[in-house]
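K.L.:
Sharing a structure below in structure tokens format, with a few things to ask.
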Amino acid sequence: MLNFILQRLLALVPLLFIVSLLVFSLVLIIPGDPAFMLAGEDATPEEIAAIRADMGLDDPVLVQYARWTGGVLRGDLGTSLFSDQPVLEVLLERLPVTISLAAAAIVISLLIAIPAGVIAGTRPGSLADRIVTLGASSGLAIPNFWLGLMLILVFAIWNGWLPATGYVPITEHPVAWLRHILLPAFTLGLSAAAILTRQLRGAMIEVMNQDYIRTARAKGLAWRFVVLKHGLKNAAIPMVTILGLQANYLLGGTVIVEQIFGMPGLGQLAVASVFTRDLPMIQGVVVMAVFVAVFVNLLVDISYGWFNPKVRPQ
Amino acid sequence: MAEAMLEIADLVVEFLTDYGWVRVVDGVSFSIRPGETLGLVGESGSGKTVTSLSVMQLVPSPPGRIAGGSIRFAGRDLVGLPEAELEAIRGDDIAMVFQESMTSLNPAFTIGDQIAEVVRRHRACSRREARERAVEVLDLVQIPDARARLGAFPHEFSGGMRQRAAIAMALACDPKLLIADEPTTALDVTVQAQVLDLLRSLQERFGMAILFVTHNLGVVADLCDRVAVMYAGRIVETASVFDLFESPRHPYTEGLLQAMPQLGERGQRLAAIPGTPPMPWQMPQGCRFHPRCPYAETACTERDVRLEAVGQERHVRCRRSGELALAGAE
């Protein structure tokens, strides 16, 4: 298993190289001159030139790339043009917000999808199945920005049960964290829940027709036990694939949800940085997002082996 | 004569199809005594597998249902028994081995786990004791180095080993009745012989009754005491193995015997039974075998034929069985 993880990590090297090229080329692609932005409107051409030289923007592209990559490898993502703080510091401040939002969204989506998918998939064509299928279609159809606003309206403004915006770190006050994370996590997780429900329903229908389910029943195991042990573990295999893809998608979704719920996460930072043309910060956010996505995919690959012994490395 | 352990009477199983409810098992009756091996023989689609699943009350429902008859096991009718009581019987008093060992074992769990699971279900014992029992039964079915194999997954076993493991799983709780549904059909011929030897020796040792479902008469001759031949959802003949092979009383049995490949007759064509079995929704009038029967008369196409007792322990469903001299196996 350790070998397998090491192999996977080695395979990441070329991927990260390509990503670094793309991220760095943002500097070249994004219109506008950072030096110009930094110098302000009244700057003379000499001042701008001085800033350019200072930032190394006059150097050949390759030199700039090497300098930037070298910094990234040492954990130095540069300094924010806007706040003068080290980019990494800001990112690490924001990362827990986004991670807890995405993780809570995944947990909520699984809490919905597993029971719904199992109930629908073991009784295809039943009333419960039709309700679940309809619910899943609706969950997919509802845009998350609209859902977020409605949830704020109902749960925060009308009833005042939960806070509308803001964030409290889990280390500071777990209950307050939960109260703050509930609505955004539900907003973010609903479409994932719908997709996972459909996937699990389909997989469950197929798995429950397998011979080994009949064998398990012939052993005298109770129906419920057969479904939850022999059925679910096999039906979970395709679901894990989808979950991995959804995790990446959820990270992207945090951009909108953090805006709606005023959460100081990476997504909000990304939007703000784009508006202020804070190039090092944008690069930092992208690098961080790539790292998280790569890590999630690694976790998914490792979990495959548990669910499906056939793909376990020998 | 010992009292029957399993007694099936007038069993009717129906499936919902595009043609409505059709009977795939139609009035099947037979019994098995303790320690006896009964071969249930017939072509694909004759209803033999559905019959065996009915004993376990595992006919997939929907689309299937048991529409009539009784299945008495140790004096108790299994038809209509509450699910909880059936679960207590399945895997404990009655165990089953299926045809496809690749697909009938769960790929996501180890062999040891799947065997220990049935032990823990029916015996009050610890995890460790259940694992010990798993080692014991794997030893019993001659899996080498059984203890080390507990952690293996089904895909790491060969076909023959998987089927042995499946047999071990079935034997784990010392069943009184073992239902084996074509357990050797998917195996290589040499492996088939090993598995049959194994079943025979296990039966000699533990004395359980076996309901052996197969289409292969050669296997029946090898293993069974008595045979019930099924055709188109009905029993057409029951007899002891010796009588059946020596002097079949039903033309269909004769056809099956003639279709068996025999050594030393190279070059001679096998006598296949002409035609195919009828679909359950278009059963022929009269005797269901008459369209394929070389001895059929007009009368055979008109009236239903009953299963009649002909001598000790013999039944046959043919109106001409008294007058025909049918060929047995050589």
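The values are calculated or read from the model by the stated rules, or taken from the named source; none is laboratory data. Here the structure is a predicted model, which is why all the values come from computation and not from measurement. Positions of Cβ are generated from backbone atoms using ideal geometry, with glycine treated the same way; all protein chains shown enter the neighbour counts. To get the accessible areas, we keep the full protein, side chains included, count just its heavy atoms, and leave off ligands, DNA and RNA. Shrake-Rupley method; radii C 1.70, N 1.55, O 1.52, S 1.80 Å.
K.L.:
Quick one: what are the phi-derived ³J(HN,Hα) couplings along region B:7-21, Karplus 6.51/-1.76/1.60 with θ = phi - 60°, whole Hz, x for glycine and proline?
P.N.:
With coefficients 6.51, -1.76 and 1.60, one gets 9, 9, 10, 6, 5, 10, 10, 10, 10, 7, 10, 4, 9, x, 6 Hz.
K.L.:
List the accessible area buried at the contact between B and A, summed over both sides and calculated with a 1.4 Å probe, in Å² to the nearest 100.
P.N.:
Values: alone 15610 and 17350 Å², together 30760 Å².
What B and A bury together is about 2200 Å².
K.L.:
Amide H of B:Ser247: which non-local residues (sequence gap of 5 or more, or other chain) have their own amide H closer than 5 Å, using H built in the peptide plane?
P.N.:
When sequence neighbours closer than 5 places are left aside, there are no close amide H contacts.
K.L.:
Accessible area of A:Val118, 1.4 Å probe, to the nearest 10 Å²?
P.N.:
Per-residue accessible area (A:Val118): approximately 20 Å².
K.L.:
Applying the Karplus parametrisation 6.51 cos²θ - 1.76 cosθ + 1.60 with θ = phi - 60° to the phi angles of region B:299-312, what ³J(HN,Hα) value in whole Hz is obtained for each residue in order, glycine and proline being reported as x?
P.N.:
4, 5, 8, 9, 9, 4, 10, 8, 7, 9, 6, 10, x, 4
K.L.:
Also, quick follow-up: Give the long-range amide H neighbours of B:Thr37: residues separated by 5 or more places, or on another chain, with amide H under 5 Å away, using H modelled in the peptide plane at 1.01 Å from N.
P.N.:
The list, which skips near neighbours in sequence, is B:Ile210, B:Asp225, B:Arg226.
K.L.:
Rounded if a/c is under 1.5, else prolate if a/b beats b/c, else oblate: with a ≥ b ≥ c from the C-alpha gyration tensor eigenvalues square-rooted, which is region A:70-175?
P.N.:
Numbers: a/c = 2.84, a/b = 1.93, b/c = 1.47.
Prolate is the answer for region A:70-175, as a/c is 1.5 or above and a/b outweighs b/c.
K.L.:
Still on this structure: Each residue of region B:200-208 in turn: what ³J(HN,Hα) in whole Hz from Karplus with 6.51, -1.76, 1.60 and θ = phi - 60°, glycine and Pro shown as x?
P.N.:
With the stated coefficients, region B:200-208 comes to 5, 5, 5, 5, 4, 6, 10, x, 7 Hz.
K.L.:
Here's a follow-up. Of B:Asn216, A:Leu2, B:Val12, which is farthest on the positive side of the dipole of the protein assembly as shown, counting Cα position, with +1 on Lys and Arg Cβ, -1 on Asp and Glu Cβ, and the Cα centre as origin?
P.N.:
B:Val12
K.L.:
Tell me, which residues of region B:126-174 get at least 50 Å² less accessible area when the other protein chains come in, versus the chain alone (1.4 Å probe)?
P.N.:
For region B:126-174, once contacts with the other chains are taken into account, B:His155 lose 50 Å² or more.
K.L.:
Hey, what angle do you get for helix B:111-122 against the long axis of chain B, alpha-carbon based, 0 to 90 degrees rounded to 10?
P.N.:
80
K.L.:
Rounding to the nearest 10 and keeping the result within 0 to 90°, find how far the Cα-based axis of helix A:174-208 lies from the longest principal axis of chain A.
P.N.:
Helix A:174-208 sits roughly 50 degrees off the main axis of chain A.
K.L.:
How much net charge surrounds A:Ser80 when only the other residues with a Cβ under 15 Å from the Cβ of A:Ser80 are counted, with Lys and Arg +1 and Asp and Glu -1?
P.N.:
Values: positive: A:Arg94, A:Arg277; negative: A:Asp76, A:Asp84, A:Glu89, A:Glu93, A:Asp278.
Residues near A:Ser80 contribute -3 overall.
K.L.:
Pairs of Cα atoms under 8 Å, at least six residues apart: use those to get the relative contact order of chain A, whole percent.
P.N.:
Values: 349 pairs, mean separation 75.4, N = 314.
Rounded, it is 24 percent for chain A.
K.L.:
Next question. Which residues' amide hydrogens lie under 5 Å from the amide hydrogen of B:Thr17, considering only partners 5 or more residues apart or on another chain, with H built in the peptide plane?
P.N.:
B:Val22
K.L.:
In the protein assembly as shown, what percentage of the DSSP-assigned beta bridges are antiparallel, given to the nearest 5? Working shown, then result.
P.N.:
On the way: 31 of 50 bridges.
If we restrict to bridges inside the protein assembly as shown, about 60 percent are antiparallel.
K.L.:
So, for region B:282-330, what is the accessible surface per residue at a probe of 1.4 Å, expressed in square angstrom?
P.N.:
Averaged over the residues of region B:282-330, the accessible area is 61 Å².
K.L.:
Using only protein heavy atoms and a 1.4 Å probe, report how much of A:Met55 is accessible, in Å² to the nearest 10.
P.N.:
Rounded to the nearest 10, that gives 70 Å².
K.L.:
Helix A:45-55 sits at what angle to the longest principal axis of chain A, using alpha carbons and giving 0 to 90 degrees rounded to 10?
P.N.:
50
K.L.:
With the cut-off at 1.5 for a/c, could you classify region B:73-133 from its C-alpha gyration tensor as rounded, prolate or oblate?
P.N.:
On the way: a/c = 2.60, a/b = 1.39, b/c = 1.88.
Here region B:73-133 falls in the oblate category.
K.L.:
Just to be sure I follow the definition: excluding the sites themselves, where is the longest run in chain A that has none of the GluC sites (Glu not before Pro) in a DSSP loop with at most 13 other Cβ atoms within 10 Å? List each step's numbers first, then the result.
P.N.:
On the way: sites that count: A:Glu41, A:Glu172.
By the stated rule (loop sites, at most 13 other Cβ atoms within 10 Å), A:173-314.
K.L.:
Now for a different question. Could you tell me the relative contact order of chain B? Use alpha-carbon pairs under 8 Å, at least six residues apart, and round to a whole percent. Present the calculation step by step, with values, prior to reporting the outcome.
P.N.:
Details: 623 pairs, mean separation 65.5, N = 330.
20 percent.
K.L.:
Grab the DSSP H runs of the protein assembly as shown that are 4 residues or longer, score each as -39,500 (n - 2.57), total them, divide by all residues and round the 222 nm result to the nearest 500 deg cm²/dmol.
P.N.:
The per-residue figure over the protein assembly as shown is -16500 deg cm²/dmol.
K.L.:
Pop out the carbon and sulfur fraction of the accessible area of the protein assembly as shown as a percent, whole number, probe 1.4 Å.
P.N.:
Values: 18460 of 30760 Å².
Roughly 60 percent of what the probe reaches on the protein assembly as shown is carbon or sulfur.
K.L.:
Taking a probe of 1.4 Å, how large is the accessible area per residue of chain A, in Å²? Could you put the intermediate results ahead of the total?
P.N.:
Working: 16220 Å² over 314 residues.
Here the residues of chain A average 52 Å² of exposed surface.
K.L.:
Ok, one more. In the neighborhood of A:Glu47, defined by Cβ-to-Cβ distances under 12 Å, what is the net charge if each Lys or Arg adds +1 and each Asp or Glu adds -1? Please report the intermediate quantities before stating the final value.
P.N.:
Working: positive: A:Arg52; negative: A:Glu41, A:Asp42, A:Glu46, A:Asp54.
Summing Lys and Arg as +1 and Asp and Glu as -1 gives -3.
K.L.:
Among A:Asp278, A:Asp54, A:Asp33, whose mean-square fluctuation peaks in a Gaussian network model of chain A (Cα, cutoff 10 Å)?
P.N.:
Largest GNM mean-square fluctuation: A:Asp54.
K.L.:
Within region B:8-106, report the chymotrypsin sites (Phe, Trp or Tyr not before Pro) that DSSP leaves as loop and that have at most 16 other Cβ atoms within 10 Å.
P.N.:
On the way: sites: B:Phe15, B:Tyr19, B:Trp21, B:Phe30, B:Phe73, B:Phe98; in loops: B:Tyr19, B:Phe98.
Hits after loop and neighbour filter: B:Tyr19.
K.L.:
Can you sort B:His250, B:His155, A:His173 by solvent-accessible area, 1.4 Å probe, largest first? Walk me through the numbers before you get to the answer.
P.N.:
On the way: B:His250 0, B:His155 55, A:His173 90 Å².
If we order B:His250, B:His155, A:His173 from most to least accessible, we get A:His173, B:His155, B:His250.
K.L.:
Normalised by the number of residues in region B:178-238, what is the relative contact order in percent for Cα pairs under 8 Å and 6+ residues apart? Walk me through the intermediate numbers first.
P.N.:
Numbers: 44 pairs, mean separation 20.1, N = 61.
Relative contact order comes out at 33 percent.
K.L.:
How would the protein assembly as shown be classified by its alpha-carbon gyration tensor: rounded, prolate or oblate, with rounded meaning a/c under 1.5 and the a/b versus b/c comparison settling the rest?
P.N.:
Numbers: a/c = 3.04, a/b = 2.67, b/c = 1.14.
Prolate is the answer for the protein assembly as shown, as a/c is 1.5 or above and a/b outweighs b/c.
K.L.:
Sticking with this structure for a sec: Rounded to the nearest 10 Å², what accessible area does A:Ile195 have for a 1.4 Å probe in the complete protein model?
P.N.:
In the full protein context, A:Ile195 sits at about 50 Å².
K.L.:
Could you work out which residue, out of B:Ala67, B:Ala95, B:Ala166, moves most in a Gaussian network model of chain B, that is, has the largest mean-square fluctuation with Cα springs under 10 Å?
P.N.:
Looking only at B:Ala67, B:Ala95, B:Ala166, the biggest GNM fluctuation is shown by B:Ala67.
K.L.:
Highest GNM mean-square fluctuation, chain A, Cα pairs closer than 10 Å: which of A:Ala103, A:Ala235, A:Ala141?
P.N.:
A:Ala141
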